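Remarks on the structure that follows.
No lab work stands behind these numbers, since they all come straight from the coordinates. Note that the coordinates shown come from a computational prediction; the quantities given were computed from them, not determined experimentally. Here the Cβ positions follow ideal geometry from the backbone for every residue, glycine too, while neighbour counts run over all protein chains shown.
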């Protein structure tokens, strides 16, 4: 976004979704001062651009966010285009939707991860299905033209029926806010270090679930935008890789940095490094020493293990 002046509103996130590196690795949640930081930054930005972006993992949870909206609602900013990061569904208010609409923004993005209440409990996503529907209704009433939702498949504990819940949720939103354009962007779960889900591998069933979502949602007039399953697997490889992976990466670079380059590199080094499945798909024991075990994160391993146990309570 070369023409958007970005203003960082918050750092980290207080929600602690159990897959989320941005939350677990960057604790504690910090907020920028409205008077001393945010307003001066916006004013500096408007000297060089007419587009302002509000950045952060959970900007609407800034304690002075309502005051920030009031500031941006002033008539003197009528020519400014405002963009914001994705927000929690239950923080989409009439004021927020109205101001975004007035500031030349046509859509708002919410991260729901799944239409299944059970899966949202697994990941500690404190969000009710009714709140998601209400966000769509409020967005349309406030003058916005589109709602984008972020989702995920292959979440630990997820089953096929949970994907069905996501499809049902999207159909419900279409009925709740007729005329509102709906987009569902979906990625595959990728384990991240220093999170409670670091011990889980990528679920191969995710590929099939992405295809199911594509078929069901697009046939109902919903824009579906999946991330590549294969590249998600490569993300997991790099996320969980140890020092032995360095030789693989050297060969990948030599072979051309494609998906096929990774397979070719593992084949060439099959007697020297573990198989690709070990890094990407294997579930590790919580007692296993991981490649990053010697690095202290914000939370001790015992706390991550407790959060993992809390998630498992909702597994079937």
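With contacts taken as Cα pairs under 8 Å and at least 6 residues apart, the range 179-300 reaches a relative contact order of 32 percent. Using the average count of surrounding beta-carbon atoms within 10 Å as a protection proxy, the listed peptides 74-80, 85-91, 219-225, 53-59 rank, highest first, as 53-59, 85-91, 219-225, 74-80. Dividing the summed helix terms, -39500 (n - 2.57) for each DSSP H run of n ≥ 4, by the number of residues in the chain produces a 222 nm estimate of -12000 deg cm²/dmol to the nearest 500. Rounded to the nearest 10 degrees, the angle from helix 301-312 to the longest Cα principal axis of the chain is 80 degrees.
Here residue 220 and residue 312 are evaluated by their C-beta separation; at R0 = 45 Å the FRET efficiency comes out at 0.85. Note on residue 131 and residue 161: the extension gain reaches 8.7 nm, defined as 0.36 nm multiplied by sequence separation minus the Cα-Cα distance.
For the range 1-64, averaging the sequence separation of C-alpha pairs within contact (under 8 Å, six or more residues apart) and dividing by the residue count gives a relative contact order of 50 percent.
With 0.36 nm allotted per residue and the present C-alpha distance subtracted, the residue 212-residue 247 stretch has 8.9 nm of extension available.
Measuring nothing but how far apart in sequence close Cα pairs (under 8 Å, 6+ apart) lie, relative to its length, the chain scores a relative contact order of 16 percent.
Using R0 = 35 Å, the C-beta based FRET efficiency linking residue 48 and residue 238 works out to 0.50.
Angle of helix 259-268 to the longest C-alpha principal axis of the chain, folded into 0 to 90 degrees and rounded to 10: 20°. Paramagnetic label reach from residue 117 (point 7 Å along Cα→Cβ; backbone nitrogen cut-off under 16 Å): within the range 138-162, residues 162. Extension gain, residue 231-residue 270: 0.36 nm per intervening residue step, less the Cα-Cα distance, totals 11.9 nm. Using Cα atoms only, what is the angle between the long axis of helix 129-141 and the major principal axis of the chain, expressed in degrees (0 to 90) to the nearest 10? The answer is roughly 40 degrees.
Each part reduced to its alpha carbon centroid, the range 55-99 and the range 301-315 end up 34 Å apart.
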